[in-house]
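**Q** Take a look at this one; I'll ask things after.
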Amino acid sequence: MEKNLLSVSDFIALTNQTLEYAYPSVAIEGEVSEFKVSQGKWVYFKLKDDTSTVNCFMTLWQLRVAIEDGMKVVVLASPKLTDWGGFSLTVKSIKPSGEGAIKKSFEILKAKLQKEGLFNPERKRVLPYPPSHIAVISSTAAAGYADFIKILNDRWGGVKLDVAHVQVQGESAPDQMIRALEYLNTREVLPEVIVIIRGGGSADDLSAFNDEKLVRAVASSRIPTLVGVGHEVDESLCDLAADVSASTPSNAAQVLVPDKVDLINNTNRRIMGLIPKLDSVYSREIDRTRGIIDSVFEAFNHKINRQLEVVAGINNTLAQLNPETVLSRGYALIRGVVSVGESIEIETKSNIIKAEVKDVKKR
């Protein structure tokens, strides 16, 4: 009997050692009651079902979702016997269980972050269009990622792509995506936009994108973010925190880049639409140029005609002064010294007469 004698401390230590060996981690589902946060650091609550209750403890930084009394949750915890003889669960993680609880947690956290202004439109940034360097956070094995890459290449192509392969579902998914965001935001050469994508799934499948730390990481990214998670009807808190939200991974690719085929067709249509306008402008310019040329020619001809009239006037004057013209009117041209006894020459229109001056009368 004495050989098995233990002190209280030894008993508690032995019990915890046995529990740690047998149940290093256990998942338990139950309803939350007496939920409280102490000193802004510690979280206490009870987990219960119809017949039993167990105490739970965790640190506040481990609480990644919104919890309140009456909510059904699943905790991942280690059982432990406390030094004061109480039994409790040291909770490693907690998540809502069932659609009702998941929705309730979503609404509580959404209201909290909305009150902080995390989803305000004025915080949103415009994405570069089209970007030349994109970073993608997703599971490369997922169909949503394959759809995104196919549509991206079909629509545009030639985009530099950095891919961070992460889990997009499960306990470790939020932390993996947070680390990817931190890595991409600290690279020497930053991408122009970070795209976070995941295909459709149940509310529980998409719950990683309602993780408070991940939502805050998306909102605080120095690089603009585009989130495309689930189907068109799905909405996550990461969608609300991102600069731009897409309804699906395929829609994310459509939002990011234009369709080169549509762009070429639109360009051709615009060119074809411009041809009649150019023809009209060309015709108007031709008519205007012709009008200018006609005006110049008209002014030039007017000036020439005026000069011709001046020349004609001069010619007419010269013609009137021509001796032959004078002779034709009956006048005569006398050459020689008009003195008595001198010989002179008299030229008329038709004759040249030589004569001797017999008399000269002075006027």
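**Q** Just to be sure, is Glu20 of a type in the set (Asp, Glu) and under 23 Å from Asn210 (Cβ atoms)?
**A** Criteria not met by Glu20.
**Q** I've got another one for you. Residues to consider are Asp279, Asp234; find the one that is farther than 15 Å from Ile134 by Cα, part of a helix (DSSP H, G or I) and over 19 Å from the mean Cα position of the chain (by Cα).
**A** Asp279
**Q** Also: Of everything in region 95-108, what is touching a helix residue (DSSP H, G or I) at 6+ places or on another chain (Cβ under 8 Å) and either assigned to a loop (DSSP other than H, G, I, E, B) or under 28 Å from Pro24 (Cα atoms) (or both)? Give them in sequence order. Lay out the reasoning, then the answer.
**A** In the first step, residues of region 95-108 are kept if they are touching a helix residue (DSSP H, G or I) at 6+ places or on another chain (Cβ under 8 Å); the result is 95-96, 102, 105-106.
Selection gives Lys95, Pro96, Ile102, Ser105.
**Q** Let me ask something else. Out of the residues in region 189-222 meeting the condition of being within 24 Å of Leu63 (Cα to Cα) and charged (D, E, K, R), tell me which one is modelled with the lowest pLDDT.
**A** Looking at residues that are within 24 Å of Leu63 (Cα to Cα) and charged (D, E, K, R), I get Asp204.
**Q** A follow-up question, please. Restricting to region 123-161, and then to whatever is assigned to a loop (DSSP other than H, G, I, E, B), of a type in the set (Val, Ile, Thr) and touching a helix residue (DSSP H, G or I) at 6+ places or on another chain (Cβ under 9 Å), can you tell me which residue is nearest to Glu188 (Cα to Cα)?
**A** Val159
**Q** In this structure, does Ile275 turn out to be touching an Asp or Glu at 6+ places or on another chain (Cβ under 8 Å), farther than 30 Å from Thr225 by Cα and free of Cβ contacts under 8 Å to residues at least 12 places away in the same chain?
**A** Criteria not met by Ile275.
**Q** For region 162-221, how many residues are buried (at least 16 other Cβ atoms within 10 Å of the Cβ), among the acidic types (Asp, Glu), under 28 Å from the mean Cα position of the chain (by Cα) and part of a helix (DSSP H, G or I)?
**A** Final tally of qualifying residues: 1.
**Q** Being touching a residue at least 12 places away in the same chain (Cβ under 8 Å), among the β-branched types (Val, Ile, Thr), surrounded by fewer than 18 Cβ atoms within 10 Å (Cβ to Cβ) and farther than 29 Å from Val74 by Cα: is that true of Val136 here?
**A** Taking the combined requirement at face value, the residue does not satisfy it.
**Q** A further question follows. Of Lys80, Lys41, Lys110, which residue is in contact with a Leu (Cβ under 8 Å, 6 or more places away or on another chain), within 19 Å of Pro174 (Cβ to Cβ) and of a type in the set (Lys, Arg)?
**A** Answer to the check: Lys110.
**Q** Turning to a different aspect of this structure: Given (1) assigned to a helix (DSSP H, G or I); (2) surrounded by 19 or more Cβ atoms within 10 Å (Cβ to Cβ), identify the lone condition not met by Arg64.
**A** So Arg64 meets the others, but not (1).
**Q** Residue by residue through region 282-324, note down the ones that are part of a helix (DSSP H, G or I) and among the polar types (S, T, N, Q).
**A** Result: Ser283, Thr289, Ser295, Asn301, Asn305, Gln307, Asn315, Asn316, Thr317, Gln320.
**Q** Could you tell me whether any residue of region 252-273 is surrounded by 14 or more Cβ atoms within 10 Å (Cβ to Cβ) and closer than 21 Å to Gln169 by Cα?
**A** There is at least one residue in region 252-273 that is surrounded by 14 or more Cβ atoms within 10 Å (Cβ to Cβ) and closer than 21 Å to Gln169 by Cα.
The values are calculated or read from the model by the stated rules, or taken from the named source; none is laboratory data. Values in this document were obtained by computation on a predicted structure and should not be read as measured data. Cβ: placed from backbone, ideal geometry, glycine included. Neighbour counts: every protein chain shown.
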